[in-house]
Amino acid sequence: MVNYILRRILLTVPTLIAVLIICFGLTRISGDPADLMLPIDVSDDARAAFRQTHGLDKPIAEQFLTFTVNALQGDMGRSLRFGEPSLQLVSERLAATSELALAALGLSIAMGIPLGVIAAQRYGSWPDRLIRNGIAVSQAVPSFYVGILLMMVFAVGFGMLPIGGRQGPANLVLPALTLASGLVPLIARVTRSCMLDELGRDYIRTARAKGVKETLIVWKHSLRNACIPLVTVIGLQVGALMSGVVVTETVFAWPGIGRLAIQAIYARDFPVVQAVVLFFSVVFILVNLFVDILYAVMDPRVGYK
């Protein structure tokens, strides 16, 4: 088990290096970063001073080495728009994004797993068909459209919930539902598939033959084993969750990291864009590392492969 964990940790190093290369290349793909960050009518002297200040007059290899060393030290440069350290801007909005992401993930699990279990338990009946059709429709609808629809119905139509902002718990409801709308169908579909596989196994037939209650068989024995692959799926959806955060925070004016990323892109504030990309990438890497370790703990056979 220890060797497995060490291997997984070492495998994150190449991924982190690739992320650093991508973050560095963000401002180089479209040409000279100075041309992208500065106004068109800036003087040549100001342009030269900007290039010297930001080290853009040095060779690319030296620029990348400096960028990597600074990034490992937590220095992603200063925001061109706000004048503050980029990672500080990200950290100031971390609480809002974490609140939204955790609420959406909790809703997704609380709604998706029961729907999947019910669909598997009632396989072939009308509840199963209804849930499967609902999953198909939900996966086809973009999250931003769901957000606008929820806003029109519950905020504009009935006036039950606020449209945007982060003034209180009520402001969290619509954004969390919007973000969860993309994860619930996937979790329900995977849960249904895993449960159908478990319900057909020999130990389930043995339990039924011994007279064990069906509720206990489904919700305790089958679900516990079905959760093992489900953990991996949920971990992999962290990437989709983070991309959904960007859209959801923009729609509902939620003051999080995703909205900061959109503002930075529009303002051509590349240090902040790089900081956001690096932050989301590191979170994704760490979450998947945790999921791999948790999977090995839940199923010890993995650790011996």
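From the list 259, 192, the lone residue that is at pLDDT 80 or above, out of contact with any Cys (no Cβ under 9 Å at 6 or more places or on another chain), basic (Lys, Arg) and buried (at least 23 other Cβ atoms within 10 Å of the Cβ) is 192. Just one of the listed residues (93, 166, 129) is at pLDDT below 90 and out of contact with any Cys (no Cβ under 8 Å at 6 or more places or on another chain), namely 166.
Residue-by-condition table, conditions (1) of a type in the set (Gly, Ala, Ser); (2) within 28 Å of residue 20 (Cβ to Cβ); (3) at pLDDT below 90; (4) out of contact with any His (no Cβ under 6 Å at 6 or more places or on another chain):
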site	(1), (2), (3), (4)
218	no, no, yes, yes
223	no, no, yes, yes
241	no, yes, yes, yes
245	no, yes, yes, yes
264	yes, yes, yes, yes
270	no, yes, yes, yes
283	no, yes, yes, yes
289	no, yes, yes, yes
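Taken as a whole, the structure leaves residue 142 outside the set of residues that are over 22 Å from residue 262 (Cβ atoms), in the same structural domain as residue 227 (by TED's automatic domain parsing) and surrounded by fewer than 16 Cβ atoms within 10 Å (Cβ to Cβ). Exactly one residue out of 68, 53 is loosely packed, with under 12 Cβ neighbours inside 10 Å and hydroxyl-bearing (Ser, Thr, Tyr): that is 53. Given the structure, is residue 247 surrounded by 16 or more Cβ atoms within 10 Å (Cβ to Cβ), in the same structural domain as residue 152 (by TED's automatic domain parsing) and either touching a Gly at 6+ places or on another chain (Cβ under 8 Å) or outside any helix (DSSP H, G or I) (or both)? Yes.
Of 101, 71, all but one fail to be over 25 Å from residue 223 (Cα atoms) and not in a loop (DSSP other than H, G, I, E, B); the exception is 71.
Might you let me know whether segment 25-33 holds any residue that is assigned to a helix (DSSP H, G or I) and surrounded by 15 or more Cβ atoms within 10 Å (Cβ to Cβ)? Checked against the condition, which is being assigned to a helix (DSSP H, G or I) and surrounded by 15 or more Cβ atoms within 10 Å (Cβ to Cβ), segment 25-33 yields at least one hit. Put simply, of 287, 231, 212 the only residue that is within 30 Å of residue 9 (Cβ to Cβ) and surrounded by fewer than 18 Cβ atoms within 10 Å (Cβ to Cβ) is 231.
As a summary of the residue check, residue 90 satisfies the conditions (1) closer than 30 Å to residue 135 by Cβ; (2) in contact (Cβ under 8 Å) with a residue 40 or more places away in the chain except for the one numbered (1).
The values are calculated or read from the model by the stated rules, or taken from the named source; none is laboratory data. It should be emphasised that the depicted structure is a prediction, and the values quoted were computed from it without experimental measurement. Note: ideal-geometry Cβ built from the backbone for every residue, glycine included; neighbour counts use all protein chains shown.
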